[in-house]
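The values are calculated or read from the model by the stated rules, or taken from the named source; none is laboratory data. In this text the structure is predicted, and so the values were computed from the model without any measurement. Positions of Cβ are backbone-derived with ideal geometry, glycine not excepted, and every protein chain shown enters the neighbour counts.
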Amino acid sequence: MINFRSAACAATLALGAGAVSAQETFITIGTGGQTGVYYVVGQSICRLVNRGSAEHGLKCTAPSTGGSVANINAIKAGDMDMGVAQSDWQFYAYNGSPQYEGGEFSDLRAVFSVHGEPFTVLARSDAGIETFEDLKGKRVNIGNPGSGQRGTMEVLMGKLGWSMDDFALASELKAAEQSAALGDNKVDAIIYTVGHPNGSIQEASTTTDAKLVPVTGEVIDTLIEENPYYAKAVIPGGMYKGSDEDTETFGVKATFVTSASVADDTVYQVVKAVFDNFDRFKGLHPAFANLTQEEMISGGLSAPLHPGAAKYYKEQGWIE
């Protein structure tokens, strides 16, 4: 993958006796599958950044990627400048926790958090799945390697003492592929850590007789108590066909991260583009509707704030 961060285009225009030098800096933001909210986050940020390109010279792209872990790895390798990642994987990567196989990423920097992401289980109604424990012995899409939901699923499986052999099938489909698999009866249930409402869950529940499954119990309570990046979450009833009642689960936050090696002014301009156009940003997806500046600059952030982000927040009087 091209490292767009280091690419700069310099155009020199001869005007009479003098010359004007204009520079463009290209940045990339890692997102997720095209049906997920991560993709919308990246595309929305780029849209706001690119509106001001004439002033700050930044040009932003946000390609679809494998998700949280893939984004962190790409930022660490210098292949991407910024990306969206679950709050738990931000914690694991920065602290070098065993769950993150890339080793300690001490240069990981937080920028802001975005929406909450409930750990979501959707099962075919004919599969006999009423609780999370009922997934044992079933055909379950546990998510593609590198995705946040796969990582969180593995953490939960570890707490329960489960292995891949406990499923009749443990498929590794990407988020964009799992709805069709559920509808085609290739799997009994799908796992997705995602903001709601979500197009993939909407598609699956509309085309298939399916329902959301609660993820609760002592193991979940312990997981939340032991890990500050987890919290209880509720998916409102009536949001999806077949799930009229609230569904209790737990979840994380989507966070926006970068590296200490990315220039302060670059991060500053990206943050400024979002928060100077905050109402516009909130209108770009229903999952953003209840966002507040206060929560975004603190919730789910375990890596240090990037100096470029901190500069903007200080200017606004949000932090000291």
**Asked** Within the set of pairs 6+ apart or on separate chains, which have a first residue in the range 228-245 that is buried (at least 18 other Cβ atoms within 10 Å of the Cβ), a second that is of a type in the set (S, T, N, Q), and C-beta atoms under 6 Å apart?
**Response** 229/87; 233/249; 235/247; 240/205
**Request:** Might you check whether a residue that is among the hydroxyl-bearing types (Ser, Thr, Tyr) and more than 23 Å from residue 175 (Cα to Cα) occurs anywhere in the range 240-260?
**Result:** yes
**Message:** For the range 190-227, which positions are hydroxyl-bearing (Ser, Thr, Tyr) and either out of contact with any strand residue (DSSP E or B) (no Cβ under 9 Å at 6 or more places or on another chain) or crowded, with 16+ Cβ neighbours inside 10 Å (or both)?
**Reply:** 192, 193, 200, 205, 207, 208, 222
**Item:** Condition check for residue 185: of a type in the set (S, T, N, Q) and on the phi > 0 side of the Ramachandran plot
**Value:** yes
**Sole residue being β-branched (Val, Ile, Thr) and under 18 Å from residue 143 (Cα atoms), chosen from 213, 219** = 213
**Message:** Within the range 264-272, does at least one residue satisfy the condition of being part of a helix (DSSP H, G or I), of a type in the set (D, E, K, R), farther than 22 Å from residue 157 by Cα and at pLDDT below 95?
**Reply:** no
**Spans of strands (runs of 3 or more DSSP E) in the range 1-68 with at least 3 residues modelled with pLDDT under 95 and at negative phi** = 8-15, 18-30
**Prompt:** Out of all the residues in the range 95-141, which are over 21 Å from residue 300 (Cβ atoms) and among the acidic types (Asp, Glu)?
**Reply:** 101, 126, 130, 133, 134
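Listed here are the residues, each with its yes/no results for (1) among the acidic types (Asp, Glu); (2) out of contact with any helix residue (DSSP H, G or I) (no Cβ under 9 Å at 6 or more places or on another chain); (3) surrounded by 24 or more Cβ atoms within 10 Å (Cβ to Cβ).
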{"site": "99", "(1), (2), (3)": "no, no, no"}
{"site": "105", "(1), (2), (3)": "no, no, no"}
{"site": "113", "(1), (2), (3)": "no, no, no"}
{"site": "125", "(1), (2), (3)": "no, yes, no"}
{"site": "130", "(1), (2), (3)": "yes, yes, no"}
{"site": "136", "(1), (2), (3)": "no, no, no"}
{"site": "139", "(1), (2), (3)": "no, no, no"}
{"site": "143", "(1), (2), (3)": "no, no, yes"}
**Message:** Against the definition (aliphatic (A, V, I, L, M), in contact with a strand residue (DSSP E or B) (Cβ under 9 Å, 6 or more places away or on another chain), touching a residue at least 24 places away in the same chain (Cβ under 8 Å) and surrounded by 17 or more Cβ atoms within 10 Å (Cβ to Cβ)), how does residue 49 come out, yes or no?
**Reply:** yes
**Message:** Being in a loop (DSSP other than H, G, I, E, B), closer than 22 Å to residue 90 by Cα and modelled with pLDDT of 95 or more is true for just one of 261, 298. Which residue is that?
**Reply:** 261
**Request:** For the range 96-195, please list each of the strands (runs of 3 or more DSSP E) lying entirely inside it that holds at least 3 residues being in the same structural domain as residue 35 (by TED's automatic domain parsing) and of a type in the set (A, V, I, L, M, F, W, C).
**Result:** 108-124
**Message:** Given the condition modelled with pLDDT of 95 or more, within 23 Å of residue 108 (Cβ to Cβ) and surrounded by fewer than 21 Cβ atoms within 10 Å (Cβ to Cβ), answer yes or no: does some residue in the range 273-280 qualify?
**Reply:** yes
**Request:** List every residue pair whose Cβ atoms sit under 6 Å apart, with the two residues 6 or more apart in sequence or on different chains, where the first one lies in the range 151-177 and is without any contact (Cβ under 8 Å) to a residue 12 or more places away in the chain and the second, anywhere, is acidic (Asp, Glu) and surrounded by 17 or more Cβ atoms within 10 Å (Cβ to Cβ).
**Result:** none
**Prompt:** Give me the pairs: first residue in the range 180-193 and more than 17 Å from residue 145 (Cα to Cα), second residue of a type in the set (Gly, Ala, Ser) and at pLDDT below 95, beta-carbon distance under 7 Å, and six or more apart or on different chains, which are they?
**Reply:** 182/204; 183/204
**Request:** Collect the residues in the range 306-320 that are in a loop (DSSP other than H, G, I, E, B) and either within 17 Å of residue 81 (Cβ to Cβ) or touching a Pro at 6+ places or on another chain (Cβ under 8 Å) (or both), keeping them in residue-number order.
**Result:** 306
